[in-house]
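**Student:** My questions all concern the structure below.
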Amino acid sequence: MGVFDRLKKQKWQHEDYEIRIEGLKEIDSDLELLSKIAFEDPHWQVRLNAARLIHNKDILANIAINDSFTPIREYCISQIEDEDVLYKLFLNEKDTSLKETIAEKIYDTDILKMMDSMD
């Protein structure tokens, strides 16, 4: 790899968000970089597509808590099966519809009792 190759921007760094989305395919095994993009890219579609390539429940939970765009948060919640993680998300969630989405995924009776006692 020459000097100019290293200076050339990668597709995921392009100014056009559609090209950045396409560039995610080239880095789909780099969890650290995918996470950075999922948290920091200015365009919601890039963040969502990066999140779709992440299978780590802790990272998905962090995105679900911190992203400002509801569809991204919904997607991340839909991918989490661990009821303890879901309960933590439920406790921190302000959006009523997302709280309902989270509650629908929880079946553990002990967790449900704790959630009911919060009403």
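The values are calculated or read from the model by the stated rules, or taken from the named source; none is laboratory data. On a predicted model such as this, the values are computed, not experimentally measured, just so you know. Heavy atoms of the whole protein, side chains included, go into the accessibility calculation; ligands, DNA and RNA do not. Shrake-Rupley method; radii C 1.70, N 1.55, O 1.52, S 1.80 Å.
**Student:** Could you work out how far helix 70-79 tilts from the main Cα principal axis of the chain, as a 0 to 90 degree angle to the nearest 10?
**Tutor:** 70
**Student:** Roll a 1.4 angstrom probe over the protein heavy atoms and tell me the percent of accessible area of the chain that is carbon or sulfur. Could the numbers behind the result be given before it?
**Tutor:** Values: 3870 of 7800 Å².
C and S atoms contribute 50 percent here.
**Student:** Quick one: Karplus J couplings for the stretch 51-58, per residue in order, coefficients 6.51, -1.76, 1.60, θ = phi - 60°, nearest Hz, x for Gly and Pro?
**Tutor:** Here the 3J(HN,Hα) series is 4, 5, 8, 9, 10, 7, 5, 5 Hz.
**Student:** With springs connecting C-alpha atoms under 10 Å apart, model the chain as a Gaussian network and identify which of Lys94, Lys57, Lys11 has the largest mean-square fluctuation.
**Tutor:** Lys94
**Student:** Under a 1.4 Å probe, what is the accessible area of the stretch 38-101 per residue, stated in Å²?
**Tutor:** With the other protein chains kept in place, the stretch 38-101 gives 53 Å² per residue.
**Student:** How about Lys11: which lysines have a C-alpha closer than 24 Å to its C-alpha, ignoring those fewer than 8 places off in the same chain?
**Tutor:** Once the sequence-local lysines are set aside, what remains near Lys11 is Lys25, Lys36.
**Student:** From the P(r) of the chain, could you give the percentage of C-alpha pairs in the tail past 18 Å?
**Tutor:** 55
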